[in-house]
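Computed from the coordinates by the stated procedures, all read-outs in this text should not be read as laboratory data. Predicted model, so just to flag it, every value in this text is computed and none were measured. Ideal geometry is used to build each Cβ from the backbone, glycine not excepted, and the neighbour counts take in all protein chains shown.
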Amino acid sequence: MVPISTFATEGYAKARPATQPDALQGSGEALAAQAIGDFADQMAQAETAAQQTLTGSADAQTLVEALAQTQLAVETAVAVRDKVVAAYQEILRMPI
């Protein structure tokens with residue numbers, strides 16, 4: 001069973017770069033790859049939490065916290081996708 005404080009600490013650590021954008025360095029490709037990797041890790045953690053809850057080795061609170069973090073990750077990914085699509089559409093409307 002994972003203590004609740006562990007999830008809170010991990011959540012804070014993941015959110016910290018958003019409050020300190022200067023800490024993010026590297027190319028756009030590297031940042032995108034890191035974001036995709038973080039998203040995949042979050043999905044895997046939620047799946048693991050669900051499996052542990054179903055087998056009885058974790059409590060329901062752990063599952064709820066994992067699902068809440070996953071929901072936030074999905075909403076963020078959808079928002080980024082929407083911005084990318086909007087930017088692409090704007091480029092298509094530019095006169096040549």
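Tabulated values for the structure
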{"item": "Along principal axes, Cα extents of the range 33-96, largest first, whole Å", "result": "61, 19, 13"}
{"item": "Extension gain (nm, one decimal) between L31 and L72, 0.36 nm per residue minus Cα-Cα", "result": "12.9 nm"}
{"item": "A60-I91 pseudo-label distance in nm [points 7 Å out on the Cα-to-Cβ vector]", "result": "4.8 nm"}
